[in-house]
Every structure is written in structure tokens, then in C-alpha cells.
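Single-structure report; data block below.
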Amino acid sequence: MTEIRLPQLERRTFLKSAVAVGGALALGFGIPFGQKARAEGAAAEITAWIVIAPDDRVTIRIARSEMGQGITTALPMLVAEELGCAWENVRAEFVAPEENLRRNRAWGDMSTGGSRSVRTSQDFLRKAGATAREMLIAAAAARWNVPAHECAAQDGVITHAPSRRTLRFGEVAAAAAAVAPPKDVRLKAPNEWTLIGTPRKRLDVADKVSGKPIYAIDVRLPGMLYAALAQCPVFRGKLADVDETRIAGMRGVRQVIRFDDAVAVVADGWWQASQALDALAVTWDAGRNGAVSSDTIAALLRAGLDSAEAGVGREQGDAVTRLAQSPTRLTAEYHLPYLAHATLEPQNCTAHVVGDQVEIWVPTQHGESAIAVAAAAAGVPPRSVKVHKMMLGGGFGRRGIVQDFIPHAVKIAKQVGRPVQTIWSREEDMRHDYYRPTMMARMTASLDADGLPDAWHVRLAGNSIIHTLFSGGFLGGGIDKHAQEGFTDDMPYDVAHFRVDFVERNAHVPVGFWRGVSHTQNCFFKECFIDEMAHAAGQDPYRFRRRLIGKHPQAEKFRAVLDAAAKASGWGEPAPPGHHRGMALEEVDNAFMGAVAEVSVGADGALKVHRFVCAIDCGHVVNPMTVEMQIASGVAFGLTAALFGEITIRDGRVHESNFHDYGMLRMADMPKVETILVPSGGFWGGVGEPPSAIVAPAVCNAIFAATGQRIRSLPLKNHDLRKI
Amino acid sequence: MVKLTINGQSHDVDVEPDTPLLWVIRDTVGLTGTKYGCGIAQCGACTVHIDGKAVRSCSLAVSDAAGKQITTIEGLAQNGKLHKVQQAWIDNDVPQCGYCQSGMIMAVAALLKDKPKPTDADINQAISNICRCGTYQQVKAGIQAAVAST
């Protein structure tokens, strides 16, 4: 029986088993057993990642956050592959962030984003498993008084082949914990893997189908109160005045708390707090951004398209001169809006501050950052903060670098002196995000006699995430290449004269990482314009792309996924009546994707996406089941944005407020997603973020095939798709 | 004082009669499996059964639920045995982040009670819950498995 422990319980295991050690490497080495060994029946920690109980149950610790992407299963698989335990005995538990700090970051980086969990921790996780296996074998060999090399571990049993003796992991775990970890361990070659690459069910499902309190919003503490929060609707604005007259005597209402930029109401229940907050007469000082609108921001970006100054992300040949001299140029301008993350669990944080001790329960993609943010908010040193990492009701980048849902909650709890759960209403959540930036692109290209581009200038203008989130010093040379990803060395197309540049034009709207990040804009710009060039050249978009993929170091991988998607989708063969296909190609987070969308557009302009074929090469596949599900998830995420996603600014504030005006994909809109895994092995790529980038261009190219309409802005809900 | 019957147990709750049932279930009674997602009956994360019908509890006054049989996700299993929809969700690995799934499961359980063999169109029409992770394909597989299990 596998299980995920409730995060609330995990701290107790930690306090029992954790001992401070100095100088540990990223691979947390064994803890000196000391007093712990005398505790009868205690589970033994064998390396910081693995605890084995006498009954053979193996607990594998996870440093990253679970937000649905499946790392609760995939990361233990990496450890268990080398450990050689029985998978059925494995369960997972989250590492407490303060333990990571206390133990010199024995578990490494806890930040969860960029599709990094598997690809950046696979090496030390497999080594942790292999190290523990060698320690277990050494303990068994010592007990038998035989050489360790005569012993082997499999399915949780150590066997000494010459004497046919066996010992279970649970029988030697306590002794193994005292063994000095080997300095070097040999990792299995991929062809020796028996667990990695096999479909495994998630370890965290049982709690999620039975309503267990596993999310931060479910935390209930003795004496806990609830808070509703309103931040200044105009970003960077201030709170001017609060008139409490209208809430006087409202039942259950305890306290109004004022901040520079926000006001909160604390009450016995969240509904009471929320009702009182709505009833409060609040005056805001909008500052100097009260007149900003989507139109003024668009004008800012459009001016950026004409700017003489731009940060060049990649340049080869002399595209600008060539294009100036070219008698015929193909040009197109594209425009994408701000997007909200809209995690289904709204932002929330439960905090309890007693003296200088701070404890928070929080849905965070970055547990250590949560410590720092809470410590700063409470004015205490980081070592005074405990963070209970809970299951996340969605993440998508909202809960990573920025942890803006923590400071108010901590300050409220500090002022109240009791545990307080602060929940942002859906409206508050929608209107106070770190949005996927708005971006414009101007494409200019000339085609040679073969119809292929010989010069191409990509001009981007928009907000810089990097400069918003990391002020000062982060960018060497000051050029935000991150905003140009997809067009730099990750673009597979050979164009003799090519230039991409970015004109940074920041508005007051906060921007941040959103599943797929800049690829969600640039893949749309690039792949739609590729389609435009193919059309101008009178060539099939698939053949056109294939001809254009040239000398890129990863050309084979790009071609393989493109071919796989074309083949599976039936590209080149007649589509079902009324159906039309569109294609896209992109590399994101070291994963290569080719995709084909199949759509129909009714005479009334109604769009239906029937089918979405996505071929992906992410190198090694750990759990094909979760990879497939992440592809379907990313397609739904990308399609939601393509169809409905648009945050607009009016009077300096976000206009949209809830799911009635910030639409979400539902069951009836979900296309049949067909994932083609074409793992070439030899490298480790991500899967959580990549697919969301590739949906819009494939769908819009299919719309062109269906209607002759070029879609150069999103969302599609703003377009009349009736055939022209 | 409002008298509620939740998962077969009666609760006398001292709340304003216009309080949405959701918040009474979560904060007053303390059953947190039912989720807050939008507060305007858009997402369905708060779906419970009232006299066997799926209802979005964020938009129902608690007084309108008085005297009726309310079932939440915590009360769906009977005699320690998971409901067939819950079991199908486990067998098909439906949840990702899982936050919407209490409501999704309650909506599906009510649908199958009403229509034991729903068509694809029935499902699309009846299950309008929002899953931000986009598990819709697995939800459909789960529904088919639950239908087949009866």
C-alpha cells in the first residue's frame, strides 16, 4: 500500500529523525545514528532522502512541490530505481523547508518551476538511491561476514548468492544507517532500468478523491480566525482611508487591519470577513497609474516596435540591411494580452505568530523562499519560521518566485495574536496576479527563389519578467534574452540573415512566470509566421518547416517530433469532412514538440478543436503515465488561453474578476489529445510547461486552413471566424 | 439557528440564514473536502448533493438547505467502501492537483444516479465543472470505468 503522508504529520517524523549535520552535499548523506538507534522499532534514515522502517516501508522525501504535475511519484521512482526496494512499499513525504536550511540544504533546491524537478534532480536522486543501496548491502554483508560484492539488492531484499541467504531491507536498515556512505556509486545504465520508464500510478490520489484536508486552505487550527483581504485595485496604489461605520456590529467581525496598500477584515468565519470587507467604505490612492488602460499599454508597445534601440537576442548575417534592400517583404504584426494564472485554489496562507516564532501553512512552489518572505514580514530571523508545505491546488508559476500571498497573512496573524487563515477571494486573486506579460511582435522577412526566408527580422516589444522580478544585476549586459526564447539558439530554422530583438516597455502591471513563460508568446509569433511564409511561398507548411530545419544541433530531434506529429495526425491525407489541420514546432525546457491541431469552423463562425496531436521528445521518460497527463493538461491550459484568455486594464486596474469573464476550458471544449512519446534518451527534458506554448499557433494555423483568416491576436473569443 | 443534516448527521448551526452553504460546511461544520473556487457557481468545486441532486453550495443560502439531506465528498463512501466514482478515479489516476476533484466527483456521482449510462453529450452537458489542470480526458475515462463497474 502506497500513501502520501499528510504534510501536517511530516514534521513529527522530521523532529524525531533529523539531526543537524554540517557540510552535507546536495546529496544528503547519512545522519550519525546516535541515540536514534536505540529507539526500538524506529524507522532509520539512510541518506537524507530515504527512511526505511523495520516493516520494509520506504519513505522517500521530496524537496519539490506537488501541484498536480506528478513529482510525488516521479521523484521517488528515480530514487527507488537505484535503491532496489519494492515499489509497492514506497511512500512520499515533503521535506520541511526549515529542515533543509538547518541541514545545510541537504535536499538542495526546493524551487519548483521551469519543468525542472526531474531534469535537475535526477542525478543526485539516483545517487541517493544507489548510495543507500550500497549502505544496506554493506550492513547485510557485515552481518553475514561476507564481502559486499557477493551481495545484491532487489525488490527490497538483499541476497548473498553463494550462501543463498537473504535479508529484508527493514531488517538491516538500522545497521545500514550507521554505515559510512560510499564516496562513489555506479549508476545503472538506462538499459538496466526496471522502474524508470514504466507507467506508475500516482502516490497521492487516494487523499484527493476523498476530500482529505491536504491543501493549505483546509488547515483548521484551534482558535483560528479568518481574514479577507483587499489590495489597492490599481497596482502600486495606496490605501487612503477606511470608514468602518457600515460594519459596526456585524456579526462575527473582529478587527479591521490597515496596510499601506491593502485592508483586511478578520472575522470568525471567512464569509463574514468577506461580507464585511465588501461593506467597508474604502478610499484608495491610485497614484500615477489610475489612467492606464490596455489601449495605453498597447500604444506603449506599438511605439516599441519602431524603437531604434533594442536588445538583440540573436543575430547572424545582416537581416536589417538585407530586408531594407529587398524589393518584396512579408510583414505581419502580432499582439498577445496579459493572462492570469487562475489556480483553482485561490491564494491563501494560514499563519500563527507567537512571540518571535512564525508558523505558516501555505501552497508554495518554493518552500525556502516562503521562509524568507514570512521572516521579513514578521521581522524575525529565518530560523524562527516554520513552513508547512501543503498540496497545491494548482501552481503554473503563480506560487514560485513571488510569494505575495504570505506577507499580509503573516502580519495579520501577528497583529491578531491567534492563528489566522487569510484567503483571497477569486476576484482578489484574478486582480492581483503576476500576469503573463502582454507582448507584440513585428515580423519582416524576404523569401528567396525557393520560397524560403533568406532574411528575417523579429522585433518584440513588451514587458520584461526578468526585470520585474529580479531588479538589478540579474541580466548580464542588460538584454532580456529570456523574453526572446524560442527565437534564440533554440530556434531550429536556418535563415542566413536573422535577427531577433526585444524592446522592453514595462507598464505598472506586475508580470511573472506563467506555464510556458515567453514561449507562450514567441511560439505563437514564430509558428504562425512560419505558416504565413509557407503560404506566401505556396508550400505545404509541413514540408516548408522540414526544409527550413537545417544545421541546428538538435535538428534531428525537431524533425523526429515534427514527422511523428504529421504521421499520427494524418497530415497530407484528407481530413474528416469540414476538418482542417494546423501545425507547430517548438522546444521548451529541453523538450522537443511537434503538434497538429484539427479544427472545424462552422458557417456561424463557431470553432471546434476536435483533436490535438502532440509528439514530444523529452529525452528519458520517468513515468509515461504522468507525462501523457501533463501533455493533456498543457494542451488544456494552452487552449484555454487561446480561446478565452485575456486580462484587460481599465483605469489602472484589472477589469476581469472571475470565471464568467475570464473563461476556462470545460469538458465540452476539450479536444481529443493524442500524445506521441518519441523519447530519444540520452538527456532529460521537462514536460510540465512545454505543451501550453504550442497549442495556440497550431490551432490558429488550422483556422487559417479552414477559413483563410490569419489570427494575429488572441484570444479567439474576440474574433469573428466566419469564412471570408 | 439552522438545522442541517450533513452525511447523515444533524448539525444545529448558529449562522445568518443567507450564509452560503459552502462556508457553513467548511468553516462552521469543519468539513473541508468541499472547495471554494469562485463563489459564483461557475467552477463547481463546491458541488455537494442535496437530496441526491448536485448543487453548487457557494450559491445556495444555508436556510434553503435546512431539513434536506446534504452529502459532501466526506460522506460519499458508504460503510467504509468508496463510491464507484471515487474508485474509478483511483483506478484511472484522474486527479492532478486534485483541488476541483471533490466537486467533479460529486457532480459525476449525481449524473450517474440520474443517468447510469450517460452519452458523451450527456456528460458534456452535465459536467461543466472547471478543472484548471485540464483532466477532462481522464475524467471521461473515469466516468466510463464507473459506468462499466455497475
Take the residues of segment A:676-689 that are over 28 Å from A:Glu427 (Cα atoms) and buried (at least 24 other Cβ atoms within 10 Å of the Cβ): which is nearest to the other protein chains (Cβ to nearest Cβ)?
A:Val687
Limited to segment A:185-202, what total is found for residues that are more than 21 Å from A:Thr131 (Cα to Cα) and either at pLDDT below 95 or of a type in the set (Gly, Ala, Ser) (or both)?
1
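Conditions tested, residue by residue: (1) surrounded by 24 or more Cβ atoms within 10 Å (Cβ to Cβ); (2) out of contact with any helix residue (DSSP H, G or I) (no Cβ under 8 Å at 6 or more places or on another chain).
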residue	(1), (2)
A:Pro381	no, no
A:Met391	yes, no
A:Gly395	yes, yes
A:Arg398	yes, yes
A:Ile412	yes, yes
A:Tyr434	no, no
A:Ala441	yes, no
Does at least one position in segment B:16-33 carry a residue that is surrounded by fewer than 18 Cβ atoms within 10 Å (Cβ to Cβ) and of a type in the set (A, V, I, L, M, F, W, C)?
no
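Assess whether A:Ser111 counts as being surrounded by 24 or more Cβ atoms within 10 Å (Cβ to Cβ), under 25 Å from A:Glu359 (Cα atoms) and among the hydroxyl-bearing types (Ser, Thr, Tyr).
no
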One residue from A:Val695, A:Val621, A:Val654, A:Val635 being of a type in the set (Val, Ile, Thr) and in contact with a Lys or Arg (Cβ under 7 Å, 6 or more places away or on another chain):
A:Val654
Test of understanding: among A:Thr343, A:Thr350, which residue is crowded, with 18+ Cβ neighbours inside 10 Å, more than 30 Å from A:Ile711 (Cα to Cα) and within 14 Å of chain B (Cβ to nearest Cβ)?
A:Thr350
Residue in segment A:643-653 that is over 21 Å from the mean Cα position of the chain (by Cα), crowded, with 23+ Cβ neighbours inside 10 Å and more than 29 Å from A:Gln69 (Cα to Cα) present
yes
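Taking segment A:615-671 as the search range and keeping residues that are in a loop (DSSP other than H, G, I, E, B) and free of Cβ contacts under 8 Å to residues at least 24 places away in the same chain, which one is farthest from the other protein chains (Cβ to nearest Cβ)?
A:His655
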Those residues of segment A:162-182 which are out of contact with any strand residue (DSSP E or B) (no Cβ under 7 Å at 6 or more places or on another chain) and not in a helix (DSSP H, G or I) amount to A:Pro162, A:Ser163, A:Arg164, A:Arg165, A:Ala178, A:Val179, A:Ala180, A:Pro181, A:Pro182
Find the residue count for segment A:555-578, including only residues that are crowded, with 18+ Cβ neighbours inside 10 Å and farther than 17 Å from A:Leu677 by Cα.
2
Here are some residues: B:Cys131, B:Cys97. Which one is in contact with a Gly (Cβ under 6 Å, 6 or more places away or on another chain) and not acidic (Asp, Glu)?
B:Cys97
Flagged in segment A:183-198 as among the basic types (Lys, Arg) and either free of Cβ contacts under 8 Å to residues at least 40 places away in the same chain or not in a loop (DSSP other than H, G, I, E, B) (or both), in numbering order, are A:Lys183
Just a yes or no: is a residue in segment A:281-294 surrounded by 13 or more Cβ atoms within 10 Å (Cβ to Cβ), within 24 Å of A:Pro453 (Cα to Cα) and not acidic (Asp, Glu)?
no
A:Trp270 passes all but one of (1) on the phi > 0 side of the Ramachandran plot; (2) within 14 Å of chain B (Cβ to nearest Cβ); which number fails?
(1)
Picking from A:Val353, A:Val320, A:Val380, A:Val387, which residue would you name as being assigned to a strand (DSSP E or B) and farther than 30 Å from B:Gln101 by Cα?
A:Val353
Filter segment A:432-454 for residues that are under 14 Å from A:Leu330 (Cα atoms) and under 35 Å from the mean Cα position of the chain (by Cα) and give the result.
A:Ala441, A:Arg442, A:Met443, A:Thr444, A:Ala445, A:Pro453
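Identify all residues within segment A:304-323 that are small (Gly, Ala, Ser) and surrounded by 13 or more Cβ atoms within 10 Å (Cβ to Cβ); write none if there are none.
Hits for segment A:304-323 are A:Gly304, A:Ser307, A:Ala310, A:Gly311, A:Gly313, A:Gly317, A:Ala319.
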Kindly state which helices (runs of 4 or more DSSP H) lie completely within segment A:507-599 and contain at least 3 residues that are without any contact (Cβ under 8 Å) to a residue 40 or more places away in the chain and among the polar types (S, T, N, Q).
none
If you go through segment A:199-236 one residue at a time, how many are away from chain B (no Cβ under 12 Å), assigned to a loop (DSSP other than H, G, I, E, B) and either under 13 Å from B:Ser102 (Cα atoms) or of a type in the set (Gly, Ala, Ser) (or both)?
1
Determine the pairs where a residue that is without any contact (Cβ under 8 Å) to a residue 40 or more places away in the chain, located within segment B:120-146, has a partner that is outside any loop (DSSP other than H, G, I, E, B) and surrounded by fewer than 20 Cβ atoms within 10 Å (Cβ to Cβ) with Cβ atoms under 6 Å apart, the partner being 6 or more residues away or on another chain.
B:Asn124/A:Ala668
Residue list for segment A:391-446, restricted to those being of a type in the set (D, E, K, R), touching a residue at least 60 places away in the same chain (Cβ under 8 Å) and away from chain B (no Cβ under 14 Å)
A:Lys411, A:Lys414, A:Arg418, A:Arg436, A:Arg442
B:Glu16: passes all of (1) under 30 Å from B:Gly134 (Cβ atoms); (2) in a loop (DSSP other than H, G, I, E, B); (3) at the interface with chain A (Cβ under 9 Å from one of its Cβ atoms) but (1)
Among the listed residues A:His408, A:His457, identify the single one that is in contact with a Leu (Cβ under 6 Å, 6 or more places away or on another chain), in a helix (DSSP H, G or I) and crowded, with 22+ Cβ neighbours inside 10 Å.
A:His408
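The values are calculated or read from the model by the stated rules, or taken from the named source; none is laboratory data. Bear in mind the structure is a predicted one, so any value in this text is a computation, not a measurement. No Cβ is skipped: glycine too gets one built from the backbone with ideal geometry, and neighbour counts run over all protein chains shown.
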